[in-house]
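Note sheet for the following structure.
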């Protein structure tokens, strides 16, 4: 939100430098993007551009920002609002009804006759709008925008003479359409809330008015509207019709349900002062049962001390609640706090404690060294030591990211087209419209961010919740995913540079799996995935149960993302992994290890893992380890075959192995490999 400093100082005027003002607003959770000189004759005026988080809809007005500054600087509000009413001159009223009571629990309106829309908007009003990034249109529309910026209540003015018989706030009927103020024509569905007369829709409620009933220079009589529309309905129709407006922006974030009457009186006062006119009586429809009641919260001194770690005096707590305009009643060590209707973000005792902390001052909360008894807990088979797991990845030079659970639907379809995501009714932004079904979108977004900043060796991981739908049931699963691209090792003189490949990532995943539970057998089986390269992808299995996927992103995916290097990803279902909760201790054998190497020629289609598994089944408990140290295809090896050299590490737990039994064992290994896999000993 943008506003002029001079306008803000009409409401609150502490002596603050621009740096102090920025710091003060930061304490309110409002970030000052920039402060620039105003483009006006007043050389002492500045434009303040403030970034406001979605939960602080109460700060989308001059009065809301002024309230925060006043509370944080112990300054008085120079204005508290507008309680006076204009004198009713005309008896003209309009029949108003609200059919959609749940979506519009409050509707206030009045007719003002004989207004002069040809008169120029005063310069002071134009400057206020200009400072907030709003263009001047005509005095009536400018005044409704001014009141919205000043008090936070979106308003709309209709040309009264274009309205047929009455106003009804209802859902649109099938087949109805409307031409909006931006000249776009919209076919309305039955879920759309509209302001309609007896014949046609006049506006999409809370979002944008229609061209037919708009106020022009020829307008003589107006119908002024001030209403409350629920955030859900406004967000839905803004997104559905791809519209954007200052009104919708405020309604989505929550408008105060107590200011509709005040706003219409304020707008009426300004209209009469600037454009003249004869105001009629106010028509107000309020469905109390459909209005969310302000929170009433019980807060204890012990709770404050437990959360903040310090004791704050009763006098200070009462001062803070008074500064925030929270009415409270103290009974011994407990407060019963009534939250104002404009603070819809406060619903829990912890929310109140956060308010106490920021008004008291975070800097005033002393630092303490944490003290806690340290002891080793007894682990169980169901243990889930995720922090150790994360540290293992960090040790492998991965960086952890934490991304939003809400992602762009296009990226979701690109990276997991086989799963239908859950769509959000009220997404934060246009690129956060669905719930993620896997963690790859967040990793890919982080990769793109890093590559645009010349980071060419990227290794990332994330552990988080994914959401899948089946039979209208939304299930949540904790998953661990990783991504690598660029050089396999940091650039240095001792190792030649090479690009990371599938096997680099597979090695990292294998180390991870063996850490989770070395007693279980994990395997990789060739499988396809819509987002992965069909020749470089595999399913990850624990026994016969699939627990994850690994592979290289498909070339078409890389092309869509404008990535020119290979990217490798994996994902593991944490809930399906059984971590080694109880440490199993084995005595170290006192007897020597024996190593025997063999080189075999085998069909290239036979996986190396199958060869190793076959050897493990033959040797049994004597086999301490079996690993591959060479693979060769080329001159001297027939097409379709490969040479694999393996090392077998043998050790007996209670005695020394003798040459004869080792030789017999190796002969049995070679015979079995030949019989089961067609392997020949390479001479």
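Each value in this text was obtained by applying a stated rule to the coordinates, not by laboratory testing. Only a predicted model underlies this, so the values are computations on that prediction, with no experimental measurement involved. Glycine gets a Cβ as well: all are built from the backbone with ideal geometry, and neighbour counts include every protein chain shown.
Descriptive notes on the structure:
- Note on the chain: helix-only mean residue ellipticity at 222 nm, from DSSP H runs of 4+ residues weighted -39500 (n - 2.57) and normalised by residue number, equals -8500 deg cm²/dmol.
- Taking a ≥ b ≥ c as the square roots of the eigenvalues of the Cα gyration tensor, region 386-576 is classed as oblate, since a/c reaches at least 1.5 and a/b does not exceed b/c.
- When the chain is reduced to its Cα atoms, the Kirkwood hydrodynamic radius in Å: 31.2 Å
- Rg and Dmax, both from the Cα atoms of region 530-683 and both in Å, are 20.1, 61.
- Each 5 Å bin from 0 upward holds the following percent of the Cα-Cα pairs of region 7-121: 2, 9, 14, 15, 13, 12, 12, 12, 9, 4, 0.
- Whole-Å distance, taken between Cα centres, linking region 600-638 and region 74-152: 81 Å
- Neighbour counts of C-beta atoms inside 10 Å place 158, 627, 524 in the sequence 627, 524, 158, starting with the fewest.
- The stretch between residue 657 and residue 290, if pulled fully straight at 0.36 nm per residue, gains 123.8 nm over its current Cα-Cα span.
- Peptides 605-613, 2-10 ordered by average Cβ neighbours within 10 Å, highest first: 2-10, 605-613
- Relative to one another, the C-alpha centroids of region 228-274 and region 549-573 are positioned 45 Å apart.
- Inter-part distance, region 1-25 to region 310-337, computed on C-alpha centroids, equals 27 Å.
- Degrees separating the helix 314-323 axis from the principal Cα axis of the chain, which is the longest one: 60 degrees
- Remark: region 345-488 projects, on average over all directions, an area of 14.6 nm² (convex hull of Cα atoms).
- The C-alpha atoms of the chain define a longest principal axis, and helix 231-240 lies at about 70 degrees to it.
- Between 0 and 90°, nearest 10: helix 608-619 axis offset from the chain longest Cα axis: 50 degrees
- Relative contact order (%) - criterion: Cα under 8 Å, at least six apart; region: region 95-290: 36 percent
- Largest to smallest principal axis extent of the C-alpha atoms in region 2-73, angstrom: 36, 22, 20
- Relative contact order (%) - criterion: Cα under 8 Å, at least six apart; region: region 21-90: 25 percent
- The shape of region 95-290 comes out rounded: with a ≥ b ≥ c from the C-alpha gyration tensor, a/c is under 1.5.
- By the count of other C-beta atoms within 10 Å, a proxy for reagent exposure, 117, 59 are ordered fewest to most as 117, 59.
- The overall shape of region 161-219 is oblate: from the C-alpha gyration tensor, with semi-axes ordered a ≥ b ≥ c, the ratio a/c is 1.5 or greater and a/b is no larger than b/c.
- Sorted peptide list for 483-489, 587-593, 554-560, 436-442, criterion being average Cβ within 10 angstrom, highest first: 436-442, 483-489, 554-560, 587-593
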